[in-house]
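Reviewing the structure listed below.
The values are calculated or read from the model by the stated rules, or taken from the named source; none is laboratory data. Since we're looking at a predicted model, the values are computed, not measured. All Cβ positions, glycine included, derive from the backbone under ideal geometry; neighbour counts span all protein chains shown.
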């Protein structure tokens, strides 16, 4: 698993501490487009969950918060890789809303002297999906090896590999071993906060959904 954090430039010159800071008018925020990027939907939902808590479920205030946040986004790239390039290589933006593992990888690749990670007070448990398609594995005769691979992901050895690549381990014993690597923070889940993807996807990201409405309000 992973979560959503902020990648800022070394020294955190804009003093970004939490989601509140991302709506300040003098801040430039980088995040991909939630309409085209699966990863960016987690960014959006994490921001929504924070606003929901801050404004006690007042939807008008929550929408206004998200509208202000996305008004601060100068470039809505189609995917996370494009947004990483925009922030890290092109030098655009003060803060990059990022999956935690991607933020760690950016620091590893480009240097801890250039960037640092800020963990917000509340975020979301981001879960990359993994599955197989029955007809595909049957056609290729790979059902046994596919099942073995999926099961391996959740063994202690597989979880160690995940941790080394900056994913938060699921297994408690592996998570404890790496607990100093990851900041403790309050995490909501897609199911408890949004009723699962079956509800969240059409409501927020479908045609004419909440994100479209927020985008229109910003034009």
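Quick one: in region 103-121, which of the residues that are assigned to a helix (DSSP H, G or I) and touching a strand residue (DSSP E or B) at 6+ places or on another chain (Cβ under 8 Å) is nearest to residue 50 (Cα to Cα)? Out of the qualifying residues, it is 103. If you check 22, 66, 45, 7 for being touching a residue at least 60 places away in the same chain (Cβ under 8 Å) and outside any helix (DSSP H, G or I), only one passes: 7. Those residues that are surrounded by fewer than 13 Cβ atoms within 10 Å (Cβ to Cβ), under 18 Å from the mean Cα position of the chain (by Cα) and more than 26 Å from residue 17 (Cβ to Cβ), I need them from region 149-190; list them, please. Correct list: 165 only.
For region 73-85, the condition holds for no residue, the condition being that it is farther than 29 Å from residue 178 by Cα, surrounded by 23 or more Cβ atoms within 10 Å (Cβ to Cβ), modelled with pLDDT of 95 or more and in contact with a helix residue (DSSP H, G or I) (Cβ under 6 Å, 6 or more places away or on another chain). Test residue 54 against the stated conditions and say whether it is surrounded by 15 or more Cβ atoms within 10 Å (Cβ to Cβ), more than 21 Å from residue 93 (Cα to Cα), touching a helix residue (DSSP H, G or I) at 6+ places or on another chain (Cβ under 8 Å) and modelled with pLDDT of 95 or more. Criteria met by residue 54.
Here's the yes/no breakdown for (1) within 13 Å of the chain's Cα centre (by Cα); (2) closer than 25 Å to residue 25 by Cβ; (3) in a helix (DSSP H, G or I); (4) without any contact (Cβ under 8 Å) to a residue 60 or more places away in the chain:
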residue	(1), (2), (3), (4)
77	no, yes, no, yes
83	yes, yes, yes, yes
86	no, yes, yes, yes
93	no, yes, no, no
97	yes, yes, no, no
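For region 134-148, filtering for residues that are touching a helix residue (DSSP H, G or I) at 6+ places or on another chain (Cβ under 9 Å) and closer than 23 Å to residue 169 by Cα leaves 3.
Restrict the check to region 126-133 and report whether at least one residue is part of a helix (DSSP H, G or I), touching a helix residue (DSSP H, G or I) at 6+ places or on another chain (Cβ under 6 Å) and either free of Cβ contacts under 8 Å to residues at least 60 places away in the same chain or exposed (fewer than 14 other Cβ atoms within 10 Å of the Cβ) (or both). No, region 126-133 contains no residue that is part of a helix (DSSP H, G or I), touching a helix residue (DSSP H, G or I) at 6+ places or on another chain (Cβ under 6 Å) and either free of Cβ contacts under 8 Å to residues at least 60 places away in the same chain or exposed (fewer than 14 other Cβ atoms within 10 Å of the Cβ) (or both).
The set of residues from region 25-42 being more than 15 Å from residue 70 (Cβ to Cβ) and assigned to a loop (DSSP other than H, G, I, E, B) comprises just one member, 26.
State whether the residues of region 33-41 include one that is buried (at least 16 other Cβ atoms within 10 Å of the Cβ) and either more than 25 Å from residue 192 (Cα to Cα) or in contact with a strand residue (DSSP E or B) (Cβ under 9 Å, 6 or more places away or on another chain) (or both). So far as region 33-41 goes, yes, one or more of its residues are buried (at least 16 other Cβ atoms within 10 Å of the Cβ) and either more than 25 Å from residue 192 (Cα to Cα) or in contact with a strand residue (DSSP E or B) (Cβ under 9 Å, 6 or more places away or on another chain) (or both).
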